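Novice: What follows is a structure written as structure tokens; I'll ask about it next.
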Amino acid sequence: MRSLSRAWAAVLVASLAMNLFVLGFIAANGVRAAQMPAALVAKAEKATAVKPPAQAAAPQLQRIVQINTKTLRPMQLAVRKANESVTAALLAEPYDAQQLAQALEELRSATVNSQQAVHAAMLEAVTGMSAQQRTDFAEASKRTPAERVLLVGR
């Protein structure tokens with residue numbers, strides 16, 4: 001019975017320690033954010049803001065994507081599969097340089113094929129746009145270096 005109450009006391013102390021840690025972490029982040037210059041806050045918000053697509057161009061792009069889904073989707077899956085092959089080759093024991101070289105070549109080929117299909121769809125979409133729609137599309141397509149890095153994980 002006594003060992004049970006000691007166990008509960010240990011759980012209570014561990015819980016209290018975790019709660020204090022979390023509260024300290026939250027307080028530290030609040031203090032750090034309060035000390036951050038307004039210019040940095042604005043820059044961080046701008047870099048992480050999600051831009052909506054250009055409204056004038058959206059219907060045309062949606063139509064093109066719908067038309068090309070049967071072509072684009074398998075290519076996206078091929079790129080994903082090629083990425084998985086590269087990862088498998090990197091993790092393989094024993095390491096086989098030829099296997100990695102082949103996986104990288106497949107990734108390069110799948111990426112080029114996918115890019116060509118996306119670019120063809122984009123060219124088709126842009127060809128039917130007015131000058132204002134192309135301008136709106138260009139504005140919606142702009143990305144900061146931070147946004148480009150964030151796209152890597154998508």
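Novice: Looking only at region 76-108, how many residues end up being closer than 24 Å to GLN66 by Cα and not charged (D, E, K, R)?
Specialist: Residues that pass the stated criteria total 4.
Novice: Exactly one condition in (1) at pLDDT 80 or above; (2) assigned to a helix (DSSP H, G or I) is false for ALA146; which is it?
Specialist: Of everything listed in (1) at pLDDT 80 or above; (2) assigned to a helix (DSSP H, G or I), ALA146 misses just condition (1).
Novice: Looking only at region 123-133, count every residue that is free of Cβ contacts under 8 Å to residues at least 40 places away in the same chain and not hydroxyl-bearing (Ser, Thr, Tyr) and tell me the total.
Specialist: Adding up the residues that qualify gives 3.
Novice: Tell me the helices (runs of 4 or more DSSP H) entirely within region 1-110 that contain at least 2 residues that are at pLDDT 85 or above and more than 30 Å from ASP136 (Cβ to Cβ).
Specialist: Result: 2-35, 58-91.
The values are calculated or read from the model by the stated rules, or taken from the named source; none is laboratory data. In this text, all values refer to a predicted model and were calculated from it rather than measured experimentally. Positions of Cβ are backbone-derived with ideal geometry, glycine not excepted, and every protein chain shown enters the neighbour counts.
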